[in-house]
Amino acid sequence: MTATTTTPATAGGVEIGHYARRISENLGYPLLGLAILLGFWWLGGYLIASNPSTQAFSAFAPESALPRAWELLWSGTLWDTVHPSLSRIGLGLFWATLVAVPVGILVGSLPVMQKITSFPFQLLRMVSPLAWMPIAVLAFETWDGAIVFLLFMASVWPILFSTAFAVQRIDPMYFKVARNFGASPLASLRRLVIPAVAPDILAGFRLALGIAWVVLVPAEYLGVTSGLGYAINDARDILAYDLLAALVLVIGVIGYVLDAIVVALIRYVGWQGT
Amino acid sequence: MGASIQINGITHQFSPKGEVVLQDLMMDIGAGSNIALIGESGCGKSTLLHMLAGLLIPSEGCVKINGRQVTRAHPEWNMMFQRPGLYPWLNVRQNVALGLQFTGQTQNLKGRIDEMLELVGLRDRSEARIQDLSGGQQQRVALARSLAVEPQMILLDEPFSALDAFTRRNLQLEVSSIARDKGITLVLVTHDIDEALNMGERVVVMGRNPGTFRSIMDIDLSFPRNPMHPAFTEIREDLMDRFRASVETPADSETTGHTSQTPDPKEIANG
Ligand SMILES: Nc1ncnc2c1ncn2[C@@H]1O[C@H](COP(=O)(O)OP(=O)(O)OP(=O)(O)O)[C@@H](O)[C@H]1O
Ligand SMILES: [Mg+2]
């Protein structure tokens, strides 16, 4: 009798244990990592505060920065800061994708194009996007235009290279099948090449987003009077170190969220894998 | 419905100074007939098949289909390969639809796909991912994709060689009976003599260096053929001998046989 009544309870216990383990694996480690990061931040803040020569910057510490971030979030001004940055990065990535995908497909499908472009593209790729700043400022009427150009230069290469590489790796058998049915080049492009390389285009896009997001802030130090980079610079000028730290936090969080969106998208279009 | 094929003095070199891969090939294949090509590895079977499909142009001579010279690939002359070449980003139905979409025949797409899936016995897997199918099922999808465009001719390059014996035999019987039902001309390249005898109304033995037709044998056994029948066994022995001869004797001393060595076919029909 007792045995029968305890069995379901034990099973429930096992069940709960199982879920606990899964939750701790999915959430526990990231939370632990976050806690360690916070610990370092706090330690940094403590060291800054205890050193007389850096004491002025002590608002950088989490005790003052976190409340400030909370305030920023609910004050309604955060969006005014984030929005220009997002639209710049969106435009930069948009133009980069628009150029990189067709050029990448061309380079990937024509060996001659690959041979011709390989050297100049590798060379250009190695130039820091910020090095284009003086040229961008001359070439574009507005600071906004110049920044979008910089973001374009930062993000075009990863998309272009991963597209070209993916096109080269398409199984020749797939082309044979298309040719066998007398497929037109346009039909092959639409039904074969683009779907075949879509996951790689997005993987390149993810890299590009990462680079562009990093380049965005220094690019916004110059000229413009809006955006996250401007806000950081501004916070420094008015000695609002808690705000500065809060903005750094915001930049990190938004970058993470944008990346997570692209990762989800890659999963969605992905056909590779078993 | 089926296409007639004329192989018209084909000689082929892949490069102007390269070795002669095929030499002076000559054969007529009647509309709706089923031909099996066997021969040693490297004798040019695949090369010839690509020419029939219009995927490769011979350096001399030509292929004529229904009396017209072949200069390019055509959806009504369909080739199936050892690897099915299905697109992994599409599911089963979408793969079957591919040939129709490539050829622009998109009217009544759904109905035709369903019909083809029914024909190859994959109706219940129509939404499955390609990666989740067995090798035999994948080859069936490829078959449905080919049949959907209502081809006059299907060219098979060892399409079953990667499959287990049981699946292979089933597919041989199915493809062969579908082709005969629909009057499709079938040219099959195989390494497997039993496969050639299961499917071919005529078996052509090729030799290499350069590739030539060494022996052409009409098989007067009715379908479906029974490999256990004495007549089948006898023909198999004969074919084995010819195959061995094609491997051992150089091309110059060839003797092209045109005779069929068949015992009473009526008797075999009941066997
Ligand atoms: N694209 C090519 N360029 C140069 N030589 C080729 C090419 N394709 C095939 N060959 C050569 O032509 C000859 C015939 O090749 P093919 O693939 O037609 O033989 P096969 O009879 O199909 O052989 P297997 O039974 O192994 O498939 C071989 O010697 C091969 O090396
Ligand atoms: Mg071959």
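The values are calculated or read from the model by the stated rules, or taken from the named source; none is laboratory data. Just so you know, these numbers come straight off a predicted model, no measurement behind them. Note: ideal-geometry Cβ built from the backbone for every residue, glycine included; neighbour counts use all protein chains shown. Each accessible area value is taken on the protein alone, full model and side chains, heavy atoms only, with ligands, DNA and RNA left out. Shrake-Rupley method; radii C 1.70, N 1.55, O 1.52, S 1.80 Å.
Quick notes on this structure:
- Cα gyration tensor shape of chain B, rounded if a/c is under 1.5, else prolate or oblate by comparing a/b with b/c: oblate
- Annotation for segment B:141-157 versus segment B:52-100: alpha-carbon center distance of 8 Å.
- Label point distance in nm, A:E15-B:R123, each placed 7 Å from Cα along Cα→Cβ: 4.0
- 3J(HN,Hα) along segment A:226-239: 8, x, 5, x, 4, 4, 5, 4, 5, 4, 5, 4, 8, 6 Hz, from the Karplus curve 6.51 cos²θ - 1.76 cosθ + 1.60 with θ = phi - 60°, whole Hz, x for Gly and Pro.
- Of all DSSP beta bridges in chain B, antiparallel share, percent nearest 5: 50
- For the protein assembly as shown, a crude dipole built from +1 on the beta carbon of Lys and Arg and -1 on the beta carbon of Asp and Glu, taken about the Cα centre, is about 620 debye to the nearest 20.
- Nearest 10 degrees, 0 to 90: helix B:109-119 Cα axis against chain B principal axis: 50
- Extending 7 Å from Cα along the Cβ direction at A:W79 and again at A:V253 yields two label points whose distance is 1.6 nm.
- Counted charge near A:G45, where neighbours are those whose Cβ lies closer than 11 Å (Asp, Glu -1; Lys, Arg +1): -2
- Above 37 Å, the calculated P(r) of the protein assembly as shown contains 54 percent of its Cα-Cα pairs.
- Treating each Cα of segment B:63-159 as an identical point scatterer and summing with the Debye formula, the log10 of I(q)/I(0) at q = 0.24 Å⁻¹ comes to -1.28.
- Taking Cβ atoms as reference points and 12 Å as the exclusive limit, the residues near B:P224 contribute a net charge of +2, counting Lys and Arg as +1 and Asp and Glu as -1.
- Annotation: for a label point projected 7 angstrom from Cα along Cα→Cβ of A:I194, residues of segment A:90-117 with backbone N closer than 18 Å are A:94-109.
- Accessible surface, segment B:163-226, averaged per residue in Å² (probe 1.4 Å): 33
- Taking amide H positions as modeled 1.01 Å from N, with prolines and chain starts lacking one, the residues under 5 Å from B:A36 and 5 or more places away or on another chain are B:L188, B:E201, B:R202, B:V203, B:V204.
- Chain A: Cα Rg divided by the 2.2 N^0.38 Å rule of thumb: 1.35
- Of the trypsin sites (Lys or Arg not before Pro) found in segment A:156-236, the ones in coil according to DSSP and having at most 16 other Cβ atoms within 10 Å of their Cβ are A:R169.
- Accessible surface calculations at 1.4 Å, restricted to protein heavy atoms, place chain A at 58 Å² per residue.
- By average C-beta atoms within 10 angstrom, highest first, the peptides A:102-109, A:156-163: A:156-163, A:102-109
- 18 Å cut-off, amide nitrogen to a point 7 angstrom out along A:L138 Cα→Cβ, residues in segment A:209-237: none
- Taken along the Cα-to-beta-carbon direction at a fixed 7 Å, the label points for B:Q131 and A:S118 span 3.1 nm.
- Loop-located trypsin sites (Lys or Arg not before Pro) in segment B:1-95 (DSSP state not H, G, I, E or B) with no more than 16 neighbouring Cβ atoms inside 10 Å: B:K17, B:R72.
- The alpha-carbon of B:K110 sits under 24 angstrom from the alpha-carbons of these lysines, leaving out residues fewer than 8 places away in its chain: B:K182.
- Degrees between helix B:92-102 axis and first principal axis of chain B (Cα, 0 to 90, nearest 10): 70
- Inter-chain Cβ neighbour average for residues B:86-92, partner chain, 10 Å: 5
- Cβ-Cβ distance of A:L31 and A:Q168, R₀ of 56 Å, FRET efficiency by 1/(1 + (r/R0)^6): the value works out to about 0.85.
- Based on DSSP H segments of at least four residues, each scored -39500 (n - 2.57), chain A has a per-residue ellipticity at 222 nm of -27000 deg cm²/dmol.
- Measuring nothing but protein heavy atoms, the accessible surface of chain A at 1.4 Å probe radius is 72 percent carbon and sulfur.
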